[in-house]
Amino acid sequence: MDSIVLPNEWLANSQKATREVDQGADIDDFCKVWQDLKPELEKLVGKKCWYCEAIQSRSDKDVEHFRPKKKVCNVKPDHDGYRWLAFNYTNYRYSCGYCNKRRKDSGNNNRLGGKGNYFPLIDENKRAYKPGDEVYERPKLLDPCVEADVKLLDFNDDGTPCSVTSANQIDRDRVEESIKLYHLHHSEIVEERKKLAHIL
Ligand SMILES: [Zn+2]
């Protein structure tokens, strides 16, 4: 993410959007701000999803908010989302619809997967409800922008995802949660990995 090139005026536009949303405007009215960064995010690693690493050149990718911008599911007290990070590019991840959205897997008894508005933490007591407090959070989900996180994920010869054998229990739990919420066990991608494993 350090090597992203921000287009001219982008920072000014994001600051303007942040101000307007602070004053009550709807975040989605400024979706162009994050959409404008899609070509630059794409340049960083090409047309592959940062979560599942699948290249689906004909399907659209989304600029996903790692910390959900409008609502966080399964959290007490209720959380209106990390609104203050809606226009902060360090919160953006380039993602396919399978990882980003809640979907049923018809090839697997309609098992539900996908991130949606979920953002579980290792310690819920550290949940940020105001700007700046997010630095104290330890996300349960693996972050594709953190190298140590990426190294926790491995794959079996049958294409199913798993954690590396050296992972401790906390990291195993993180991998397990990430597999569910990024839908890394979706039947189609498991099949594609299996094919790749046999070629290699
Ligand atoms: Zn994906």
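Data table
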read-out	value
Unmet requirement for R93, which otherwise passes all of (1) away from the ligand (no atom under 16 Å from the Cβ); (2) under 20 Å from the mean Cα position of the chain (by Cα); (3) surrounded by 15 or more Cβ atoms within 10 Å (Cβ to Cβ)	(1)
Index of the failed condition, K101 passing every other in (1) within 16 Å of the ligand (Cβ to nearest atom); (2) touching a residue at least 40 places away in the same chain (Cβ under 8 Å)	(2)
Neighbours by Cβ (under 6 Å, 6+ apart or cross-chain): first from region 169-196, closer than 22 Å to E64 by Cβ; second of a type in the set (V, I, T) and modelled with pLDDT of 95 or more	H185/I179; V190/T160
Region 43-66, residues that are hydrophobic (A, V, I, L, M, F, W, C), within 8 Å of the ligand (Cβ to nearest atom) and open to solvent by less than 30 Å² (accessible area, probe 1.4 Å)	C49, C52, A54
Search result, residues across region 103-132 that are under 23 Å from F87 (Cα atoms) and open to solvent by 40 Å² or more (accessible area, probe 1.4 Å)	N117, Y118, K126, Y129, K130, P131
Looking only at region 166-191, and only at residues there that are over 14 Å from P139 (Cβ atoms) and among the polar types (S, T, N, Q), the one that is modelled with the lowest pLDDT	S187
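The values are calculated or read from the model by the stated rules, or taken from the named source; none is laboratory data. The structure displayed is predicted, hence computed values, not measured ones. We place every Cβ from the backbone using ideal geometry, glycine too, and count neighbours over all the protein chains shown. When the accessible area is computed, the model is the full protein with side chains, heavy atoms only, and any ligands, DNA or RNA have been set aside. Shrake-Rupley method; radii C 1.70, N 1.55, O 1.52, S 1.80 Å.
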